[in-house]
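Everything below concerns the one structure shown next.
The values are calculated or read from the model by the stated rules, or taken from the named source; none is laboratory data. Worth saying up front: this structure is predicted, and the values here are computed from it rather than measured. In this analysis, Cβ positions are derived from the backbone assuming ideal geometry, glycine residues included, and neighbour counts consider all displayed protein chains.
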Amino acid sequence: MKNNVITARIPEVFAPLLTSCCRIKLYYGGRGGGKSYAFADSLLIKGRMSKLLIACLREVQDSIKDSVYRLLCERISFYHLIDYDIQENKIINRITGSEFIFKGLRDTDIQKIKSLEGVDIAWIEEGQSISQKSWDILAPTIRKDGSEIWISMNRENENDPLWVMLAAHPDERTFVAKVNYYDNPFCPEELKLQAEKCQRERPDDYLHIWLGQPRKSSSAQLICPAMVRRAFEPKNILSVSPLIIGLDIARFGDDRTVFCLRQGRVCHKFITLTHYDTVSIADYCQSLIRDYKPTRVFLDSGGIGAGVYDILVSRGLRRTVRAVNFGSRAIADDRYYNRRAEMWDNAREWLASDLEVQLPQDEDLLKELCSVNKSYDNKGRLLLENKDEIKKRLGCSPDLADAFVLTFAEPVCEQSPPPAVCSIEKLFSDNTDTGKW
Ligand SMILES: Nc1ncnc2c1ncn2[C@@H]1O[C@H](COP(=O)(O)OP(=O)(O)OP(=O)(O)O)[C@@H](O)[C@H]1O
Ligand SMILES: [Mg+2]
């Protein structure tokens with residue numbers, strides 16, 4: 001098979017891969033742009049022209065199956081490139097001696113990275129996932145004169161490290177090009193149909209998934225005021241869902257402890273205690289459990305929360321009370337940076353739901369709920385702004401909002417008969433607590 005037959009199948013927009021002598025060639029865009037195929041075909045051509053060491057890299061590679069090894073094998077087979085010898089962990093060109101190797105950067109120790117010093121071309125696939133640390137080790141390792149780094153990426157957010165360092169302000173040795181599915185003459189009809197459906201039904205996602213735009217910037221609010229105001233409007237919802245209490249306990253310097261009582265689509269009320277010590281908070285919580293029989297109480301185990309939890313457990317309330325560590329690993333670890341991001345996002349979904357939801361009207365609650373900015377980590381997981389930043393802006397800690405989001409710590413199934421309606425009425429009419437409402 002002649003190389004010009006392969007070249008003829010590489011879309012025009014990728015011609016600089018073979019012609020430009022820039023050190024860095026970065027292609028970005030949405031799904032189906034033809035990046036992976038064009039990179040694979042171009043490298044197979046280069047590997048037939050002279051002896052090259054080509055490293056196919058990504059941030060994480062648990063097995064060679066995660067890499068572009070399979071795609072390269074498919075392209076070799078498609079073009080009947082019998083000069084390529086496919087081995088277990090590498091691909092070799094029998095005539096030129098070119099070699100393709102495959103590595104994950106994150107788990108490769110520095111010694112092994114050093115073995116990349118002789119690399120002629122490094123192909124970084126999924127460039128949006130490369131951490132700053134990996135890049136800082138890799139860039140000076142690819143040091144051979146005339147060596148090149150090819151990067152294919154679908155941007156995740158504004159702050160993807162490779163985007164910021166290389167593409168946002170490219171220097172004269174960096175070539176950057178955007179390519180989307182409509183630039184790919186080989187894009188399957190099926191992919192085009194999926195893209196069009198997404199454009200019609202989820203325009204924001206379309207921009208990200210198919211046009212390669214980053215997800216909204218880190219300054220985006222997680223919860224917008226319109227959602228909260230909609231939940232403030234008085235409605236007549238009679239819920240028989242399990243009653244859940246979220247308990248945000250005063251941390252050392254802060255002095256507000258907040259209970260939030262939510263039952264399905266109705267958040268009934270908030271109770272705020274000030275200057276209560278561990279035992280008094282536990283006493284109060286125990287009285288709420290006795291009076292309202294919640295299915296679950298989720299309490300923040302940070303600060304003095306762990307002490308309150310221990311007291312409640314020692315009083316035989318282990319079945320009802322759960323300690324939640326905001327900084328711990330999320331249940332959906334692939335979507336959320338930590339538990340805090342997961343709970344807040346569950347609360348956002350509740351507020352954004354098509355069904356009616358009810359929140360007690362309170363401007364402080366609105367301010368707190370809308371105070372949190374979101375971003376994404378380099379794995380594309382939702383990450384929330386640091387609490388200290390929020391405190392600075394708000395002038396206080398978002399305790400009401402934290403108590404509310406705690407009621408979304410995990411799904412709760414009914415274990416005992418649902419609370420009687422009278423207990424809901426009691427919740428509304430009971431003015432005996434020291435609460436805010
Ligand atoms: N040269 C080619 N010959 C045949 N089909 C091709 C060619 N290039 C691309 N395609 C088709 O287009 C599809 C999308 O290409 P590719 O996977 O390279 O896109 P991508 O930009 O890497 O995007 P993604 O994020 O979806 O992987 C491929 O699955 C394949 O069906
Ligand atoms: Mg691809």
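Would you say residue 181 is among the aromatic types (Phe, Trp, Tyr), touching a residue at least 24 places away in the same chain (Cβ under 8 Å) and away from ligand 1 (no atom under 16 Å from the Cβ)?
Details: among the aromatic types (Phe, Trp, Tyr): yes; touching a residue at least 24 places away in the same chain (Cβ under 8 Å): yes; away from ligand 1 (no atom under 16 Å from the Cβ): no.
So residue 181 does not fit the description; no.
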* To do: Mind telling me which of the residues 247, 261, 238, 191 ends up being within 16 Å of ligand 2 (Cβ to nearest atom) and either within 29 Å of residue 368 (Cβ to Cβ) or not small (Gly, Ala, Ser) (or both)?
  => 191
* Structure fact -> Just one listed residue, out of 46, 35, is within 30 Å of residue 206 (Cβ to Cβ), among the basic types (Lys, Arg) and surrounded by 14 or more Cβ atoms within 10 Å (Cβ to Cβ), and it is 35
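Among 307, 316, which is assigned to a loop (DSSP other than H, G, I, E, B) and assigned by TED's automatic domain parsing to the domain that holds residue 255? First the steps, then the outcome.
Details: 307 fails: assigned to a loop (DSSP other than H, G, I, E, B).
Criteria check complete, one pass: 316.
This table checks each residue for (1) within 18 Å of residue 122 (Cβ to Cβ); (2) over 36 Å from the mean Cα position of the chain (by Cα); (3) modelled with pLDDT of 95 or more.
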{"residue": "53", "(1), (2), (3)": "yes, no, yes"}
{"residue": "63", "(1), (2), (3)": "no, no, no"}
{"residue": "66", "(1), (2), (3)": "yes, no, no"}
{"residue": "70", "(1), (2), (3)": "no, no, yes"}
{"residue": "83", "(1), (2), (3)": "no, yes, yes"}
{"residue": "105", "(1), (2), (3)": "yes, no, no"}
* Hey, which of the strands (runs of 3 or more DSSP E) in region 58-172, taking only ones fully inside, have at least 1 residues that are surrounded by 15 or more Cβ atoms within 10 Å (Cβ to Cβ) and hydrophobic (A, V, I, L, M, F, W, C)? -> 91-93, 99-104, 121-124, 148-153
* Report, by residue number, each residue of region 26-49 that is more than 15 Å from ligand 2 (Cβ to nearest atom) and closer than 12 Å to residue 121 by Cα. => 44, 46, 47
* Asked: Hey, residue 175 hits all of (1) in contact with a Lys or Arg (Cβ under 8 Å, 6 or more places away or on another chain); (2) in a helix (DSSP H, G or I) but one; which does it fall short on?
  -> (2)
* Structure fact -> By residue number, the members of region 1-48 that are out of contact with any helix residue (DSSP H, G or I) (no Cβ under 7 Å at 6 or more places or on another chain), in a helix (DSSP H, G or I) and free of Cβ contacts under 8 Å to residues at least 60 places away in the same chain are 4, 12, 19, 47
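Among 127, 118, 212, which is the only one that is touching a residue at least 60 places away in the same chain (Cβ under 8 Å), of a type outside the set (Lys, Arg) and on the phi > 0 side of the Ramachandran plot? Give the derivation first.
Values: 127 fails: on the phi > 0 side of the Ramachandran plot; 118 fails: on the phi > 0 side of the Ramachandran plot.
None of the other options fit; the residue is 212.
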